[in-house]
Amino acid sequence: MMRTGVIYDPVYLEHETGEHPENSSRLSSIMSYLEESSLTSQLVPIAPRAATIDELSLIHHISYIDYIRSICDYGGKCIDSDTIVSPHSYTAAIFAAGGAITAAESVMEGNVDNAFALVRPPGHHATPREAMGFCIFNNIAIAAKYIISKYGLERIAIIDFDVHHCNGTQIAFESKPEVLCVSIHQHPLFPGTGRIDETGSGKAMGTNVNIPLPPRCGDSEYELAFKQIIVPVVKRYQPQLILVSAGFDAHWADTISSMQVSVKGFFRMMSIIKYLAEEECNNRLAAVLEGGYHLDALRASVKATFDVLIGNDYTKDPLGPSPYQSTREKPPDINYLIQRIQEVHRLTVEEPVSSQPVKANSSQI
């Protein structure tokens, strides 16, 4: 059994958004479910800390940080049509960034084998000067820059399987070869970025990998993309740490998207990522929560992710497979898309990954 850290604090519930899809019930539901399932006894609880201004400034401009703090001090407001801040949102947001840092740092220090930061507000859409898509500060990007600065790492891989493209993370690292940014997402969908030809610039050319899947893709399509694109590109990059933007809004029950992934599908994705961490970077793996807005699907998918990290066997999916997959309508054919991405990134699949998932142990991958 792996020593798996869980980063959480009630401060995250103080980011009040009312009936917005990204609300405090997301985390309270997750924590209750983990407790009810007795999984918390297998986890190492780790308290987050607030990110400092200097740490936030690794990604964000100081004027933007001051802006967020000031509007929260004055009671908050709707920053745009999607993104809300309230009086305590700034505090929650700096603890969210600090929680991502804590997860990665705990792994680097060897305090745990891997970790999952259950934080909010999410972060992967936030750009250096702009909040958007429910996101305030880019938690995972800040953590990556912090780890590079503190430990002198030369290669970190960020894998983002949230259903929306990680435009903020891409912007943060599109010219920085020390970070490989891989995003698998629905396209077209907010924020409209994440095309195949967005591959990075300068010395970082090729370190930005986008997999824009068409609507209605499910477990099989995601697994094919992981095997044919994500596995070879990560193996070629040879990261010293893997960070995961873990969003679960591609679940078939989540109405924010049109994807058809099941809880078992998320278990499989994380199993492959864990295998990559074992093979490439001495198990160094930390995940940070992003999206996921159907509470039953979210909490079950988070538990499945923890099961992978701990090394537990796959258990019954409480929501089952997508009803769409049981119809006679054929799923999207993504073979041409896969081939096109392989051509753009000059990939060859030298070590096919077994299609026999169900245990998290790498020997089953």
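Once Lys and Arg get +1 and Asp and Glu get -1 on their Cβ, which of PRO121, ALA277, LEU56 lies farthest toward the positive end of the dipole of region 4-364?
Among PRO121, ALA277, LEU56, the one farthest towards the positive end of the dipole of region 4-364 is ALA277.
Take ASN283 and SER220, extend 7 Å from each Cα along the Cα→Cβ direction, and tell me the distance between the two endpoints in nm.
3.6
Using Cβ contacts closer than 10 Å as the measure, can you line up MET269, MET1, MET132 from fewest to most?
MET1, MET132, MET269
Enumerate the amide H contacts of ALA287 below 5 Å, restricted to partners 5 or more residues apart or on another chain; note that Pro and chain-start residues carry no placed amide H.
Distant-sequence amide H within range of ALA287: ALA115, PHE116, ALA117, VAL244.
Of VAL302, PRO215, PRO239, which is farthest on the positive side of the dipole of the chain, counting Cα position, with +1 on Lys and Arg Cβ, -1 on Asp and Glu Cβ, and the Cα centre as origin?
Among VAL302, PRO215, PRO239, the one farthest towards the positive end of the dipole of the chain is PRO239.
What's the exposure ranking of HIS345, HIS124, HIS20, HIS185, going from fewest to most Cβ atoms within 10 Å?
The order, fewest Cβ neighbours first, is HIS20, HIS345, HIS185, HIS124.
Less than 17 Å from a label point 7 Å out along the Cα-to-Cβ axis of THR315: which backbone N atoms in region 271-303 qualify, by residue?
Taking a point 7 Å out along Cα→Cβ of THR315, the residues of region 271-303 whose backbone N falls under 17 Å are 296-303.
Need one number: % antiparallel among DSSP beta bridges in the chain, to the nearest 5.
Percentage antiparallel, nearest 5: 10.
Would you mind classifying region 244-353 by shape? Square roots of the alpha carbon gyration tensor eigenvalues, ordered a ≥ b ≥ c; an a/c under 1.5 is rounded, otherwise it is prolate if a/b is larger than b/c and oblate if not.
Verdict is oblate for region 244-353.
With contacts defined as alpha carbon pairs under 8 Å and 6 or more residues apart, what's the relative contact order of the chain in percent?
Over the chain, the number comes to 17 percent.
Restricting to lysines 8 or more places apart or on different chains, can you count the pairs in region 4-364 with Cα atoms under 13 Å from each other?
10
May I ask you to sort TYR146, TYR74, TYR12 by Cβ crowding, counting other Cβ atoms within 10 Å and putting the fewest first?
The order, fewest Cβ neighbours first, is TYR74, TYR146, TYR12.
In percent, how large is the relative contact order of region 92-136, given Cα pairs closer than 8 Å and 6 or more residues apart?
33
With labels modelled as points extended 7 Å from the Cα through the Cβ direction, what inter-label distance (nm, one decimal) is found for GLU14 paired with LYS77?
With each label placed 7 Å out from Cα toward Cβ, I get 2.3 nm.
Between THR52 and ASP296, 0.36 nm times their residue separation minus their Cα-Cα distance comes to what?
Answer, rounded to one decimal: 84.4 nm.
Under 1.5 on a/c is rounded, so check that first for the chain, then, if it is not, pick prolate when a/b is larger than b/c and oblate when it is not; a ≥ b ≥ c are the square roots of the alpha carbon gyration tensor eigenvalues. List each step's numbers first, then the result.
Details: a/c = 1.31, a/b = 1.21, b/c = 1.08.
Because its axes are fairly even, with a/c under 1.5, the chain counts as rounded.
Membrane-span-like helices in the chain: DSSP H runs reaching 20 Å or more (Cα, own axis), mean Kyte hydropathy at least 1.0?
Counting only whole DSSP H runs, the qualifying helices are 89-108.
Give the shape of region 172-245 as rounded, prolate or oblate, defined through the alpha-carbon gyration tensor: a ≥ b ≥ c are the square roots of its eigenvalues, a/c under 1.5 means rounded, and otherwise the shape is prolate if a/b is larger than b/c and oblate if not.
Taking the square roots of the gyration eigenvalues as a ≥ b ≥ c, region 172-245 is oblate.
About the Cα centre of region 4-364, how large is the charge dipole given +1 on each Lys and Arg Cβ and -1 on each Asp and Glu Cβ? Please answer in debye to the nearest 20.
Dipole size: approximately 540 debye.
May I ask you to derive the relative contact order of region 222-342, considering only C-alpha pairs under 8 Å and at least 6 residues apart, and to give it as an integer percent?
32
Around THR127, which amide H atoms from residues at least 5 apart in sequence, or from another chain, sit under 5 Å from its own amide H, with H modelled in the peptide plane?
Close amide H contacts, sequence-distant or interchain: MET132.
Coordinate-derived values only; no laboratory data. This one's a predicted model, so the numbers in the text were calculated from it and none came from an experiment. Note that each Cβ is placed from the backbone with ideal geometry, even for glycine, and that neighbours are counted across all protein chains shown.
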